[in-house]
Amino acid sequence: MEKMTRFFTERVEGYDEHMLTEVNGCKEGYIAMAKLIPTSCKSLLDLGCGTGLELDEILKRMPDLDITGIDLTPAMLNKLKQKHPDKSLHLICGDYFDVPFGFANYECIISFQTMHHFSHELKIELYKKIKQALTEDGIYIECDYMVEKQEDEDFYYAENARIRKELKLSDNEFYHYDTPCTITNQIAMLKSAGFSNVEKVFHMENTTLLVAHK
């Protein structure tokens, strides 16, 4: 188990190819997410933006969109800058649990394949912050690794806890280990955070896309 920043820094050069060719549903998910961004959107926040594969597709449709991206890994953000040097990108190297989003600043907030590393409690608090940062009619779009059976979710969370205990890892540091939730639980967490309506709009293998309306 590696620290999150180290894990992604060491894999930045092959990251785009890996996600596009080896993770089932991601290539299609990037395209599907881009189509869901409202054409009226002027300002978008991308949580865990990485090298910006979802932004590659979004910018094809909306090249003048004002985008704020947050990611833990400087190498990933540098790669994103290199791909889109002429776009309106405001990139923040940091932890999106700690970085303030403000109030009613974004018509749309997105995340792609980043939320499956965290506990229910952390995610619910983050979803509340996301909801506050959205405009009145704003939407949050999440595409992530999700499972369908509760026993699968329980297994991954138990293994994560077991490994952390054996390695004596701090709960306050992020380590890379997949803890996917069920689609049902993801929807429940978003509703618990106050979103009025949550829809599953895309599903391929374990890649699932949800749209949450403020």
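Data for the structure
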item	result
Tally, over segment 84-106, of residues that are open to solvent by less than 70 Å² (accessible area, probe 1.4 Å) and outside any loop (DSSP other than H, G, I, E, B)	4
Test for Phe118: is it closer than 19 Å to Ile70 by Cβ, out of contact with any strand residue (DSSP E or B) (no Cβ under 7 Å at 6 or more places or on another chain) and not charged (D, E, K, R)	yes
Subset of segment 124-147 (residues that are more than 20 Å from Thr73 (Cβ to Cβ) and among the charged types (D, E, K, R))	Glu125, Lys128, Lys129, Lys131, Glu136, Asp137
Number of positions in segment 169-201 that are open to solvent by 70 Å² or more (accessible area, probe 1.4 Å), under 17 Å from the mean Cα position of the chain (by Cα) and under 20 Å from Thr135 (Cβ atoms)	1
Criterion: in contact with a strand residue (DSSP E or B) (Cβ under 9 Å, 6 or more places away or on another chain), under 28 Å from Val147 (Cβ atoms) and buried (at least 16 other Cβ atoms within 10 Å of the Cβ) - qualifying residue of Ser43, Ser111	Ser111
Positions within segment 60-74 being more than 12 Å from the chain's Cα centre (by Cα), open to solvent by less than 10 Å² (accessible area, probe 1.4 Å) and either of a type in the set (D, E, K, R) or at pLDDT 95 or above (or both), in sequence order	Leu65, Ile67
Any chance Leu77 is within 15 Å of the chain's Cα centre (by Cα), among the hydrophobic types (A, V, I, L, M, F, W, C), over 24 Å from Glu136 (Cα atoms) and open to solvent by 40 Å² or more (accessible area, probe 1.4 Å)	no
One residue from Tyr156, Tyr127 being over 13 Å from Asp46 (Cβ atoms), open to solvent by less than 40 Å² (accessible area, probe 1.4 Å) and of a type in the set (Phe, Trp, Tyr)	Tyr127
Qualifying residue in segment 8-27 (condition: open to solvent by less than 10 Å² (accessible area, probe 1.4 Å) and closer than 17 Å to Phe112 by Cβ)	yes
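The values are calculated or read from the model by the stated rules, or taken from the named source; none is laboratory data. Keep in mind that this is a model prediction, so the values were computed, not measured. With ideal geometry, Cβ positions are generated from the backbone for all residues, glycine too; neighbour counts draw on all protein chains shown. SASA here: full protein model, heavy atoms, side chains in, ligands and nucleic acids out. Shrake-Rupley method; radii C 1.70, N 1.55, O 1.52, S 1.80 Å.
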